[in-house]
Amino acid sequence: MSSILNADLHCHSVVSDGTLTPEELATRAAANGVELWALTDHDEIGGQHRAAAAARANGMRYLTGTEISVTFAGETVHIVGLGFDPDDAAISQGLYDTRGGRGKRAQEMSEGLAKVGIHGAYEGALKFVGNPELISRTHFARFLVEQGHCRDTPEVFRKFLTEGKPGYVPHRWATLKDAVHWITAAKGMAVIAHPGRYKFTANEEYALFLEFKAHGGQAIEVVTGSHTPAEFVEYADKALEFDFAASRGSDFHSPDESHCDLGKLPPLPGALTPVWELLGDRIQQ
């Protein structure tokens, strides 16, 4: 398979914080020309068998996926896992433990918003949650938009849900070592999601890449919905520098919210090794 394959290996369903079912995502991906697809719900693999069946029904090849929340250097970093065994007990337990802190965090976020006059945010956010274990800032953002507090979800994040704002509550996630180990022990590949999004200094990013590689991480997302064209080039260079394979994914959440639709990204730069070349035996036909 070549680097110009239309692979979309990062998106979210109602199982985490997307608005479409795995089946609806598969239909949309196929309609947009996606040939190889992965559903990567946050800290959750409950939609994997549905997604694989829907991919087959729509004539796409499929890789299992998840996106694990990790704390590194005081920031939340996301590690995508691809091609792992979705029935592996250790990754299932690790993700269950990671999800466990979300409920308490959500209650504290609601309390913070109540102090600035926004009441009932927890209950309101729950209306948007397909899986209550995975209540997140995105669900609160949708509630605040619905209630007219903000025009759109980016405005909610700016005003209420980032550090120093009334609804922000930090969370300690999995360690980088644990996340990479869960993925690789389940015969998958660990990928740093959208590295351009993190507010790291050059030294911190270098440390992230080195530690990730030391734990067995093999790839980074180069072409992704939250990267600019300049960042496509920057992280293509980083992939070559660190000998990482390259991944591609829209990070699609919703037809109404996402910067980039499924399958609509430019191809990976040709000099890179695509993750699917290393995961050939894990791809479901």
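The values are calculated or read from the model by the stated rules, or taken from the named source; none is laboratory data. Just so you know, these numbers come straight off a predicted model, no measurement behind them. Heads up, the Cβs are rebuilt from the backbone with ideal geometry, glycines too, and the neighbour counts pull from every protein chain shown. For the accessible areas, the whole protein counts, side chains as well, though only heavy atoms, and no ligand, DNA or RNA atoms are used. Shrake-Rupley method; radii C 1.70, N 1.55, O 1.52, S 1.80 Å.
Leaving ligands, DNA and RNA out of it, report the carbon-plus-sulfur percent of the accessible area of segment 102-159 at a 1.4 Å probe.
Answer for segment 102-159 is 50 percent, counting heavy atoms of protein chains only.
Where a ≥ b ≥ c are the square roots of the eigenvalues of the C-alpha gyration tensor, would you call the chain rounded, which needs a/c under 1.5, or, failing that, prolate if a/b is larger than b/c, or oblate?
prolate
To the nearest 10 degrees, how steep is helix 102-114 against the longest Cα principal axis of the chain, on a 0 to 90 scale?
For 102-114 against the chain, the angle is about 40 degrees.
Which percent, nearest 5, of DSSP beta bridges in the chain are antiparallel?
45
Using θ = phi - 60° and the Karplus form 6.51 cos²θ - 1.76 cosθ + 1.60, what ³J(HN,Hα) does each residue of segment 18-23 get, whole Hz, x for Gly and Pro?
Going residue by residue, I get x, 10, 10, 6, x, 5 Hz, with x marking Gly and Pro.
Accessible area per residue of the chain at 1.4 Å probe, in Å²?
42
Which whole-number percentage describes the relative contact order of the chain, with Cα contacts under 8 Å and a sequence gap of 6 or more?
After rounding, I find 23 percent.
Averaging the inverse of every distinct alpha carbon separation and then flipping it gives the Kirkwood radius. What is it for segment 211-253, in angstrom units?
10.8
Give a residue-ordered list of calculated ³J(HN,Hα) values for segment 189-196 (Karplus: 6.51 cos²θ - 1.76 cosθ + 1.60, θ = phi - 60°; whole Hz; x for Gly, Pro).
10, 8, 9, 6, 6, 4, x, x
Run the reach check for Lys159 against lysines, Cα to Cα strictly under 27 Å, same-chain hits fewer than 8 apart removed. What comes back?
Cα-Cα hits under 27 Å: Lys104, Lys115, Lys127, Lys199.
Among Leu278, Leu265, Leu82, what's the order by accessible area (1.4 angstrom probe), most exposed first?
Leu278, Leu265, Leu82
If you filter segment 120-197 for chymotrypsin sites (Phe, Trp or Tyr not before Pro), then keep DSSP loop positions with at most 10 other Cβ within 10 Å, what is left?
The qualifying sites: there are none.
Tilt of helix 137-146 relative to the longest C-alpha principal axis of the chain, in degrees (0 to 90, nearest 10)?
Around 50 degrees separate the two axes.
Quick check: net charge around Ala174, other residues with Cβ under 10 Å of its Cβ, Lys/Arg +1 and Asp/Glu -1?
Once all neighbours under 10 Å are counted, the net charge is -1.
If Lys and Arg each add +1 and Asp and Glu each add -1, what is the summed charge of the other residues whose beta carbon sits under 15 Å from the beta carbon of Thr224?
Around Thr224, the charge tally is -3.
Using Cα atoms only, what is the angle between the long axis of helix 48-57 and the major principal axis of the chain, expressed in degrees (0 to 90) to the nearest 10?
On a 0 to 90 degree scale, this one is about 60.
What does the C-alpha gyration tensor say about the overall shape of segment 102-159? Classify as rounded when a/c is under 1.5, otherwise prolate if a/b is larger than b/c, or oblate.
Oblate, since a/c reaches 1.5 and b/c is not below a/b.
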